[in-house]
Each structure stands twice: as structure tokens, then as C-alpha cells.
Amino acid sequence: MKDFKRYLVTSALPYANGPVHIGHLAGVYVPADIYVRYLRMRGRDVFFVGGSDEHGVPITIKARRQGCTPQDIVDRYHELIKKSFEEFGISFDVYSRTTSKTHYRTASEFFRKLYDEGKFIERESEQYYDEQARQFLADRYIVGTCPKCGAEGAYGDQCEKCGSSLSPEELLNPHSALSGNPPVKRVTKHWYLPLDKYEPWLRKWILEEHKEWKVNVYGQCKSWLDLGLQPRAVSRDLDWGIPVPVDGADGKVLYVWFDAPIGYISNTIEARPDDWELYWKSEDTKMVHFIGKDNIVFHCIMFPSMLKAYGDGFIMPDNVPANEFLNLEGDKISTTRNWAIWLHEYLNDFPGKQDVLRYVLCANAPETKDNDFTWKDFQTRNNSELVAIYGNFVNRAVVLTHKYFNGIVPQDLKPEAVDGALLAQVPGLRDAVADNIEHYRFREALKEAMNLARLGNKYLTDTEPWKVAKTDMDRTASILNVCLKLCADLAVVFAPFLPFSSEKLLGILNLDKDVLRWDNAGRDGVIPAGHVLGKPDLLFEKVEDAEIDRQMARLEAIKEANMKAAAASLPVEAQKAGCTFDDFSRMDIRTATVLEAEKVPKTDKLLKLTVDTGIDKRIIVSGIAQYYSPEQMLGKQICILANLEPRKIRGIESRGMILMARQPDGTMRVVSPEERLADGSTVG
């Protein structure tokens, strides 16, 4: 493996049309920050680039809806995102934006060089146009019915309901999101990067030279290459973005996929104008892109093609460790539906608990498949691992030292073989953590770090210094000397993952920050005998049930609001053909109470209900099992059609029908009286 002199680490530029949520953190920013902090602890020359992606259609849509300018939107969210990252401890060396003057200049020069050298294809094509709004429509400005699932309001590039990728031509009944009118096709001119020209080089570079890339990254790249690459437009008709810097390009801007990755370069130039090329044009630099799986193609095929076309010595990424997606409580995180845990809200609700979220997101990182975040798991990992294992060991070691030795690290007066055996394991665990980090296996790295804390707890439990102190203070001194060495080791190995906790632990141990050098883990003399400790303090605190209940109540409120909004947006079923009063009066509708409820065997939809109708007790078989469990129906007062002719369903005679309301989204709810009535009360 090549020994690099410096490292350039980038993380996907978050879109400045909303806050950062836990999916972004788990997929990109927490692993990137762990990697960067580790490299710095090894004394490596690292430059960590971040910034906001501030162009594109979603920003213009949000601005239009809120009656403000796109610049107002990006200014608001750039500052919120930047502040949230800072408070959460994402340690960027620069966090800038794609509306900066430096970026406008850099992106324009990048396009112009490729244009002047004839690297683009100029092509006319027909695209959707809104005659009333007098503008071409980006995919997100075209809405209609999804051809895959039938959902209304699908965008021209994606259906939010089923997640299918779409093109505007696939939509049923497409119309403009600006005017509501059906769009027309008009001819427009754009510039295209001929990706097919770089396909042979990409095949060799990726498929032959980077077989070590993660399976999801390598596989997605291979799939695209096997299908054959096509020229891709680098400009679009829009009034928000970097103007295409050539004559005759009025009303055209750089496509955001082309514009945004240049932000990595421009942000580096902004922070290091004199030596930025060391990080972008030196073969001694290792470049690593941290991204989510939706950005794999852009960072592995399109951006490298751009750099290859530009030439001038730009290096290519050594690795692109993309993660999968993180779901929330079993449902896909969605900015549109507000189904997310927003970082700035978490920081407000859980002050001082940045590391708890960092720990949970790393321990449950979607490295190889989509994973699920639940508040219960968050609480369990905090209370059962951070508090009960890591925090418990540190607290016992420090408190016992204050109790028996006045807070002074005791001499190793009576060592035994078990002490050396424990300390001998530290370098191996340290190296295992390092190896996993360097190969982008952050979950495994964190497990190895926690194993060190587990060893400490077991050592304390086995040696029982609180008992030994009654008869042998020399041996007690050796036990606590070992424990405090292990505490210092823990501060080091956990520092990339839990920076705030490691800093707090240094305060408890009264050690300087320069202790946090990687090779100090397992090195003797870091916390010498005679050293005076700081005051004892709990490293972590329990997360109480009430805190979790509040978060779950918030999610339930969001879910209910989404259901109501979805129902309101769907068409109501048309009125049926007319009937006479005599038709209606023949129906015996009355109240009844469910006495017994059970599922009908070998069916998914049927419940067998025994009900009290006020005139008798009878059985009704109803297809409501997908909406109600037997437990939910037990004791419930309902309305039934009592004089429906009996019929056998799965061998069970059903005498009646439950009144149900079908909502516009197709879900069914039982019709119940607002207040409890006498069973048998007639409805009519």
C-alpha cells in the first residue's frame, strides 16, 4: 500500500434547502469525521473539505412557495447547517458554499476551459416548456401521475411515494408545477459532456485498478459501465445557478451535477489559495470521497470524467466509501414528509449528548445495507453500553482512586500476571481499531474500541479492589494503577468516535489534549504514578423514558399530519347512483359491542367477531385484519348492518356487516358512535 504524504477528504455537499438529518450524518459526515480525526491523531497532513450545495431546482421551488428569493433560502440553511455541524463536532478544515465568489469563478473557468478545448458536444433537443410561465421546465417542475404506483403528484424525476426514478416522458397527465397547465415541447440548445468517450479509461481505472472498493460502489459503477455511458448535459434552462460563460447562453446555467463537485476544488482554493494544488494535483495525495449511495455515480464516473477532461494534473479519488441509507422507525427518511430527526433539533433536545448520537449512528451505520434508527435502540445503546460499560469502568476507577489514594495515581507496588496480560492486549486492540478505520469499517472499529472498555470492566470485577483494600493496599495500588492506564488508553482510542467524551475524560484524568496521539494508546508513562487526577464526574448519563416518549410523540404527530395531508390531496370517491327512502329504510343499522375477536386461521385479512347487537349475540366475519388487531377490536362499539342475509365465509356463518369508512388513500376505519350508546340503538 502506498504511503501518502497528505490526505484530501471530502464529504458530500448537503443541499441547502433544509436542515441536516440523521440519515446524512450516518451515511456521510460521522464516518468522514472519524476518519479525519484518526488521521490527525496519526500526525498525517489532512485537509477536510465541506460546504453547502446551493443551486438546483428544489431550492427555486422552495423559494417560490415561501415567496422569497433562492438566495434567501440558501443563506438561511447554509448558516443553520454550518452551525449544526460545528456544534456536533464535524471537524471541517473549511466549510464554504457554492454561491461564493471563489466558486463562481472556479466553476466558470472549469467550464470555459473544457468549452475552449472542444471537450463538449453542442446539441439541440426538445424539452418541456410552460407557455404561461414562459420558461423551460426542469424535471422537478413537472408533476403528474406515477406510472409505477399510480400516486398523484409524482415529480418528473422521482415518485416520492414508491421511490421510483422517472423521466418526465413517463408521467401520466403531466402538468407544470408553475401554472398547472400541460407543458409543450420546445427546442433548446445545451452542452453535453461525452461520458462515452471516457468509458474505456473508466473501465480500466475502476473495474481493474479498484477492485478493493466497497461492493455497493464497485457494483453500481460496473452496472452503469455495462449499460454503456451516454453524453450528459452540463447546462440547463434555469434562472438560478452559475451562468454558462459563453455567448448565446442567456437563461442557461451550469447543471448542478457539474457545478457542485467543483465546490470541493473551489472551497480548497478559498481556504488555501497558495498551496491548494498540493492537495489536488500531487500523486503524493490520497483523495477520499465520503458520500451516500445516491451519489456513487456522480463521484465515481461523472466527476472523474470531468477531471480527466480538464487534465492539468488533477488526481483521482483513491476510494469512495459510500454508505447505504438509514431509515427512521421502519420508514424511509423524507425531507418532504418531515419524517426525520433534524440535527439542530436533536442538539436542542439533548444538550451535551453529541457523542451519544455519534456513537449510535456509527454502531448502527448502514455500511453494507440500509439500517433502521429507533429511539428505543438509541436509549438502549446509551444506557447499556456507554453508561453501563465505558462510563461505569471509568467512574469506578477514578472514584476508587480518590477514595483510597486521595486522587493520586498510585505506584505499581504489587503487580501480578493478570495486570500484564490485560495491558498486553491494548496495542492489539488499538491496531485493530486503526486497521478497521483505514479500511472504512467504522462499525467494527467502534466495536473494538468498546471491547477495550469491556476488558476494563471485567478486570475490575475479577480483581475486586474494594475487597482487596481491606487487607492489601499495595495490591489495590497496582490494580488502580492499571485501571487508570486503561482509562487514558480509552480516551485515545475513542477520540475519533466520541471527541467530546474523550475531552471530558482528559479533564477527569487531568491530562493535556496532546495526550490524544494515536501511539499513546498502550504506551507506558502517559499517566504516571504520582499524577493528580481531576474531580470525578460521570462520563455519560442515562437517557430516561420520558425523553424517548417525547420524541416518539413528536413522530406520531408527524405521521398523523402526513396521513391527513395525503388524504386531503387525494380525490374523494364520486357519489353513487340515487336510492329511495324505502331502499334506505329496509336496512337495519344498529350499534353493537365486540365481545370476542380472533383472526380467522390461514387468512391475512379476516377477523371473526362475536358481537352483542342488543337483540342477540352473533358472529360477523369481516376483512379488517389489515387495519385492526383482535386486541384493538375487543370491547369496541361499532355499527353493523344487522339484517344482511347470512353467508358462510371460510366455513363460518357471518350474520351482518360492519360499517366502515374508506378514506381517499384507500385505508379503512371502523365507524363508531362518538359516545357509548345502548347496544341495539338503531341508526337512521
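Table for the structure above
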item: Filter pass, residue 393 being touching a residue at least 12 places away in the same chain (Cβ under 8 Å), open to solvent by less than 10 Å² (accessible area, probe 1.4 Å), of a type in the set (Phe, Trp, Tyr) and out of contact with any Pro (no Cβ under 6 Å at 6 or more places or on another chain); result: yes
item: Number of positions in region 216-237 that are open to solvent by 50 Å² or more (accessible area, probe 1.4 Å) and not polar (S, T, N, Q); result: 5
item: Tally of residues being open to solvent by less than 90 Å² (accessible area, probe 1.4 Å), of a type outside the set (A, V, I, L, M, F, W, C) and either part of a helix (DSSP H, G or I) or under 14 Å from residue 119 (Cβ atoms) (or both) across region 201-215; result: 1
item: For residue 155: the one exception among (1) surrounded by 19 or more Cβ atoms within 10 Å (Cβ to Cβ); (2) touching a residue at least 24 places away in the same chain (Cβ under 8 Å); (3) hydroxyl-bearing (Ser, Thr, Tyr); result: (2)
item: Sole residue being open to solvent by 50 Å² or more (accessible area, probe 1.4 Å) and either of a type outside the set (Val, Ile, Thr) or in contact (Cβ under 8 Å) with a residue 24 or more places away in the chain (or both), chosen from 489, 474; result: 474
item: Residue count for region 187-200, restricted to those that are closer than 30 Å to residue 64 by Cβ and surrounded by 13 or more Cβ atoms within 10 Å (Cβ to Cβ); result: 6
item: Top-ranked residue in region 41-53 [being under 21 Å from residue 503 (Cβ atoms) and assigned to a strand (DSSP E or B); ranked as most open to solvent (accessible area, probe 1.4 Å)]; result: 46
item: Subset of region 288-323 [closer than 16 Å to residue 209 by Cβ, of a type in the set (A, V, I, L, M, F, W, C), outside any helix (DSSP H, G or I) and over 23 Å from the mean Cα position of the chain (by Cα)]; result: 315, 316
item: Single residue of region 539-571 satisfying the filter (in a loop (DSSP other than H, G, I, E, B) and modelled with pLDDT under 90) that is most open to solvent (accessible area, probe 1.4 Å); result: 571
item: Residue, nearest to residue 600 (Cα to Cα), within region 650-680, restricted to residues that are open to solvent by less than 40 Å² (accessible area, probe 1.4 Å) and in contact with a strand residue (DSSP E or B) (Cβ under 9 Å, 6 or more places away or on another chain); result: 652
item: Where a residue in region 23-35 is in contact (Cβ under 8 Å) with a residue 40 or more places away in the chain and its partner, wherever it lies, is in a helix (DSSP H, G or I), with Cβ under 6 Å and at least six apart; result: 25/361; 26/361; 30/358; 30/361; 30/362; 31/442; 34/442
item: Residue count for region 333-390, restricted to those that are farther than 20 Å from residue 33 by Cβ, among the basic types (Lys, Arg) and surrounded by 15 or more Cβ atoms within 10 Å (Cβ to Cβ); result: 1
item: Residues that are open to solvent by less than 20 Å² (accessible area, probe 1.4 Å) and either under 32 Å from the mean Cα position of the chain (by Cα) or over 18 Å from residue 109 (Cα atoms) (or both), drawn from region 238-252; result: 238, 241, 242
item: Any hit, region 81-101, residues being open to solvent by less than 40 Å² (accessible area, probe 1.4 Å) and charged (D, E, K, R); result: no
item: Members of region 621-648 that are more than 22 Å from residue 585 (Cα to Cα), surrounded by 16 or more Cβ atoms within 10 Å (Cβ to Cβ) and more than 42 Å from the chain's Cα centre (by Cα); result: 621, 637
item: Cβ-Cβ under 8 Å pairs, at least 6 apart or on other chains, region 227-247 side in contact (Cβ under 8 Å) with a residue 12 or more places away in the chain, far side acidic (Asp, Glu); result: 228/196; 228/199; 229/196; 229/199; 230/196; 231/196; 241/259; 242/259
item: Region 185-200: number of residues that are assigned to a strand (DSSP E or B), farther than 12 Å from residue 304 by Cβ and touching a Pro at 6+ places or on another chain (Cβ under 8 Å); result: 1
item: Elements of type helices (runs of 4 or more DSSP H) in region 54-173, at least 3 residues being over 27 Å from the mean Cα position of the chain (by Cα); result: 101-116
item: Looking only at region 501-531, and only at residues there that are of a type in the set (D, E, K, R) and within 20 Å of residue 410 (Cα to Cα), the one that is surrounded by the most Cβ atoms within 10 Å (Cβ to Cβ); result: 523
item: Test set (1) touching a Lys or Arg at 6+ places or on another chain (Cβ under 9 Å); (2) under 30 Å from residue 560 (Cβ atoms) - residue 635 fails condition number; result: (1)
item: Among the residues listed as 416, 438, 444, 448, the single one being farther than 18 Å from residue 530 by Cβ and in contact with a Leu (Cβ under 6 Å, 6 or more places away or on another chain); result: 448
item: Qualifying residues in region 396-434 (those that are in contact with a helix residue (DSSP H, G or I) (Cβ under 9 Å, 6 or more places away or on another chain), open to solvent by 10 Å² or more (accessible area, probe 1.4 Å) and of a type in the set (S, T, N, Q)) - the one nearest to residue 502 (Cα to Cα); result: 425
item: Any pair with Cβ under 7 angstrom, 6 or more apart, that starts in region 605-629 at a residue that is assigned to a loop (DSSP other than H, G, I, E, B) and ends at one that is open to solvent by 30 Å² or more (accessible area, probe 1.4 Å) and of a type in the set (S, T, N, Q); result: 605/626; 627/667
item: Which listed residue is closer than 30 Å to residue 564 by Cβ, hydroxyl-bearing (Ser, Thr, Tyr) and out of contact with any helix residue (DSSP H, G or I) (no Cβ under 8 Å at 6 or more places or on another chain), from 591, 580; result: 591
item: Where a residue in region 36-62 is touching a residue at least 60 places away in the same chain (Cβ under 8 Å) and farther than 30 Å from residue 142 by Cβ and its partner, wherever it lies, is assigned to a strand (DSSP E or B) and of a type in the set (Ser, Thr, Tyr), with Cβ under 7 Å and at least six apart; result: 49/10; 50/11; 50/95
item: Residues being of a type outside the set (A, V, I, L, M, F, W, C) and buried (at least 20 other Cβ atoms within 10 Å of the Cβ) - total across region 442-456; result: 2
item: Selection count where residues are part of a loop (DSSP other than H, G, I, E, B), touching a residue at least 40 places away in the same chain (Cβ under 8 Å) and open to solvent by 40 Å² or more (accessible area, probe 1.4 Å), scope region 174-184; result: 3
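The values are calculated or read from the model by the stated rules, or taken from the named source; none is laboratory data. The shown structure was predicted, so the numbers you read here are calculated from the model rather than taken from an experiment. With ideal geometry, Cβ positions are generated from the backbone for all residues, glycine too; neighbour counts draw on all protein chains shown. Only protein heavy atoms, including side chains, enter the accessible area calculation; ligands, DNA and RNA are left aside. Shrake-Rupley method; radii C 1.70, N 1.55, O 1.52, S 1.80 Å.
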